């Protein structure tokens, strides 16, 4: 008996298998949820053909696929689809029709308005689940149909049709080339990061969608933000730079001076200010924003956002009821909403008395996330340990409804299912847990010593620099050579000194998933090894897998090919390996201690292949980490540390002065 399947006659443009929920729960190790970019249309179409909300369908961009099926099925199309036909007979979006066996479904061109089209087939697409989802993550190379967009000749199995709901044609959301996105201001804003006037201008601007937008993020073109500071300190030369913190999907990060709305395939952790988050009920629009469209950001209160989400859920539960209109009461746009703030002043880094917890603030990051930020804005590893202890306490006392817990350098992002847990209740739980934590200065954490090979000046790192200079920003001060830029802003005499410092340092992993797939963000334990630089502005559109870069005082190993902003110094071995034999594909852990050993590009190619194939693994040994390790270094060389910091700060200021000259 031949199993039911569809065959791809022509693939269209970036046609992929997606489901609705994607793969939540792995944001803390850099795995994006993926799933349908326009989640509202996808949910409506799936419901129309009677599928459960777990069923997988097709998403396409600009041009739809041409498909055949070997048995009769019901089908429904929507999104930006307006020209779909079955055997040359036009079909109406949102209407459930019979797709006869052997006939040709041509989704057609997506001429706009809107950007993405969707196809739901009764029974859904029966492709294997990877990390809990059938959704395709193209950059990671997994999910869907072999982790790739569909190609001509591909064959996809269909699911069974028994026990499905009755079909029902649906009304679909309207498309436009002029969009209003409701957002919740914060978690970052005035007066710490932007001026009050800068925030007003941010919300008053009619932004234009950049052509370099995709599922990782939507770039917006408009005026330079009104910054309230000149730089990000140790986090980087640009005022957009902050110590690495997790982003919510729909968060609008300022990547340098460019707003980027984090998409379903976006990065989980990064070092940029987030002045607003798109509300859950409007997030579907991100999948339909097309290059050249205009976007107005409308600030609303968390209460308005929560009511809009409730109405949306009710509408999807009973599709025969038209959705109610939720009034968009404006928020006060210059002040992110604070749910909890400690009153104690922890003082400058290093001055905290034993047993004294850092000050912290809990803010909304949209209506589905809370962001806890602790301690001073400069790096304090005591604060990093405190954040880890708070995260562990929440994991051990996890309320129903918490879906993500993501540790940053001095922050903790917690995501909830807003239908099951109120953020105000979560804030109270976090504040209660914070009162019972151990003293971070006395805690000893289990760790590993990890030795990674590195090929400095790797050809692929230089290829990324070349592409950036050619297609993005040829006049950037870090062009044409990132290492020369690092040498200059740290007042070093030769390029080789950059490599010598990286080789001499012991790096502490303080975050995973920066930018994707188990990629570590790490900082030298010894302050003398903390090279200071800035992140690209705007970011690169391509970075080679496992490139090693420095941004602010942090080092990152890129888990996969993709965008990025750190200054590149070389390349190392994989830090992510997804295979049936590996229960945990991320190879590094929080608080690992990393050392680098130089090798040639040829040697690295061999070691990369061995680890990727599972024939070798990272070289590790058991270890521990405690704040006493840091204090010992600080006490042994206070003058040297102060001298190095002053010298680098002076070079930092001189570089910025050259930019303004």
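The values are calculated or read from the model by the stated rules, or taken from the named source; none is laboratory data. The model shown is predicted, which means the values in this text are computed figures rather than measured ones. Glycine also receives a Cβ, built like all others from the backbone with ideal geometry; neighbour counts cover every protein chain displayed.
Residue-by-condition table, conditions (1) closer than 26 Å to residue 138 by Cβ; (2) not in a loop (DSSP other than H, G, I, E, B):
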{"site": "181", "(1), (2)": "yes, yes"}
{"site": "190", "(1), (2)": "no, no"}
{"site": "212", "(1), (2)": "yes, no"}
{"site": "223", "(1), (2)": "no, no"}
{"site": "230", "(1), (2)": "no, no"}
{"site": "234", "(1), (2)": "no, yes"}
{"site": "244", "(1), (2)": "yes, yes"}
{"site": "253", "(1), (2)": "yes, yes"}
{"site": "260", "(1), (2)": "yes, yes"}
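Considering only the range 72-84, how many residues are farther than 19 Å from residue 171 by Cα and crowded, with 16+ Cβ neighbours inside 10 Å? Give the steps one after another, and end with the answer.
Here is the first cut: in the range 72-84, the ones farther than 19 Å from residue 171 by Cα are 72-73.
This time we only want the ones that are crowded, with 16+ Cβ neighbours inside 10 Å, so: 73.
Residues meeting the conditions: 1.
Any residue in the range 609-623 that is assigned to a helix (DSSP H, G or I), more than 19 Å from residue 506 (Cβ to Cβ), in contact with a helix residue (DSSP H, G or I) (Cβ under 9 Å, 6 or more places away or on another chain) and not assigned by TED's automatic domain parsing to the domain that holds residue 405? Working first, answer last.
Restricting attention to the range 609-623, the residues satisfying the condition of being assigned to a helix (DSSP H, G or I) are 609-612.
Keeping just the survivors that are more than 19 Å from residue 506 (Cβ to Cβ) gives 609-612.
Still in the running and in contact with a helix residue (DSSP H, G or I) (Cβ under 9 Å, 6 or more places away or on another chain): none.
The answer is no; no qualifying residue exists.
Which of the residues spanning the range 81-91 are assigned to a loop (DSSP other than H, G, I, E, B) and without any contact (Cβ under 8 Å) to a residue 24 or more places away in the chain?
Going residue by residue through the range 81-91, those that are assigned to a loop (DSSP other than H, G, I, E, B) are 81-84, 87-88, 91.
Within the range 81-91, 87, 88, 91 qualify.
Out of 68, 54, which single residue is outside any loop (DSSP other than H, G, I, E, B) and either free of Cβ contacts under 8 Å to residues at least 24 places away in the same chain or surrounded by fewer than 21 Cβ atoms within 10 Å (Cβ to Cβ) (or both)? Give the derivation first.
Values: 54 fails: outside any loop (DSSP other than H, G, I, E, B).
Result: 68 is the single residue among 68, 54 that is outside any loop (DSSP other than H, G, I, E, B) and either free of Cβ contacts under 8 Å to residues at least 24 places away in the same chain or surrounded by fewer than 21 Cβ atoms within 10 Å (Cβ to Cβ) (or both).
Residue by residue, here is whether (1) modelled with pLDDT under 95; (2) buried (at least 24 other Cβ atoms within 10 Å of the Cβ); (3) outside the structural domain of residue 258 (by TED's automatic domain parsing) holds:
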| residue | (1), (2), (3) |
| --- | --- |
| 549 | no, yes, yes |
| 559 | yes, yes, yes |
| 568 | no, yes, yes |
| 574 | no, no, yes |
| 581 | yes, no, yes |
| 590 | no, no, yes |
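Going residue by residue through the range 3-26, is there one that turns out to be closer than 30 Å to residue 317 by Cβ, outside the structural domain of residue 515 (by TED's automatic domain parsing) and part of a helix (DSSP H, G or I)?
Checked against the condition, which is being closer than 30 Å to residue 317 by Cβ, outside the structural domain of residue 515 (by TED's automatic domain parsing) and part of a helix (DSSP H, G or I), the range 3-26 yields no hits at all.
Has the range 643-650 got any residue that is touching a strand residue (DSSP E or B) at 6+ places or on another chain (Cβ under 9 Å), loosely packed, with under 14 Cβ neighbours inside 10 Å and in contact (Cβ under 8 Å) with a residue 60 or more places away in the chain? Before you say what the answer is, go through the steps one by one.
First, the residues of the range 643-650 that are touching a strand residue (DSSP E or B) at 6+ places or on another chain (Cβ under 9 Å): none.
Checked the range 643-650: no residue is touching a strand residue (DSSP E or B) at 6+ places or on another chain (Cβ under 9 Å), loosely packed, with under 14 Cβ neighbours inside 10 Å and in contact (Cβ under 8 Å) with a residue 60 or more places away in the chain.
Determine which member of the set 548, 521, 557, 575 is over 18 Å from the mean Cα position of the chain (by Cα) and touching a residue at least 24 places away in the same chain (Cβ under 8 Å). Before the answer, list the steps.
On the way: 521 fails: over 18 Å from the mean Cα position of the chain (by Cα); 557 fails: over 18 Å from the mean Cα position of the chain (by Cα); 575 fails: over 18 Å from the mean Cα position of the chain (by Cα).
Testing whether each residue is over 18 Å from the mean Cα position of the chain (by Cα) and touching a residue at least 24 places away in the same chain (Cβ under 8 Å) leaves just 548.
So how many residues does the range 400-420 have that are modelled with pLDDT of 95 or more, in a loop (DSSP other than H, G, I, E, B), in contact with a helix residue (DSSP H, G or I) (Cβ under 9 Å, 6 or more places away or on another chain) and farther than 14 Å from residue 245 by Cβ?
Summing the residues that are modelled with pLDDT of 95 or more, in a loop (DSSP other than H, G, I, E, B), in contact with a helix residue (DSSP H, G or I) (Cβ under 9 Å, 6 or more places away or on another chain) and farther than 14 Å from residue 245 by Cβ in the range 400-420 gives 1.
Taking the condition of being surrounded by fewer than 20 Cβ atoms within 10 Å (Cβ to Cβ) and outside any loop (DSSP other than H, G, I, E, B), how many residues in the range 431-443 meet it? If you could, list the steps in order and put the result at the bottom.
Let us first name the residues in the range 431-443 that are surrounded by fewer than 20 Cβ atoms within 10 Å (Cβ to Cβ), namely 431-433, 435-439, 441-443.
Right, trim to outside any loop (DSSP other than H, G, I, E, B) and you get 431-433.
Total meeting the criteria: 3.
Are any residues in the range 231-264 under 15 Å from the mean Cα position of the chain (by Cα) and over 30 Å from residue 22 (Cα atoms), and if so, which ones?
Selection gives nothing.
Filter the range 27-51 for residues that are in contact with a helix residue (DSSP H, G or I) (Cβ under 8 Å, 6 or more places away or on another chain) and assigned to a helix (DSSP H, G or I); which is nearest to residue 394 (Cα to Cα)?
Only one residue tops the list, namely 39.
Out of the residues in the range 154-179 meeting the condition of being under 30 Å from residue 124 (Cα atoms) and in a strand (DSSP E or B), tell me which one is nearest to the chain's Cα centre (by Cα).
Residues of the range 154-179 that are under 30 Å from residue 124 (Cα atoms), as a first pass: 154-176.
Subset that is in a strand (DSSP E or B): 155-158.
Working: 155: 31, 156: 29, 157: 31, 158: 31 Å.
Among them, the one singled out is 156.
Check 533, 494 and return the single one that is farther than 21 Å from residue 612 by Cα, surrounded by fewer than 20 Cβ atoms within 10 Å (Cβ to Cβ) and either modelled with pLDDT under 95 or over 20 Å from the mean Cα position of the chain (by Cα) (or both). Working first, answer last.
Working: 533 fails: surrounded by fewer than 20 Cβ atoms within 10 Å (Cβ to Cβ).
494 is the lone residue from the list that is farther than 21 Å from residue 612 by Cα, surrounded by fewer than 20 Cβ atoms within 10 Å (Cβ to Cβ) and either modelled with pLDDT under 95 or over 20 Å from the mean Cα position of the chain (by Cα) (or both).
Checking the structure you have, find out if any residue of the range 90-108 is surrounded by fewer than 24 Cβ atoms within 10 Å (Cβ to Cβ), farther than 21 Å from residue 49 by Cβ and modelled with pLDDT of 95 or more.
no
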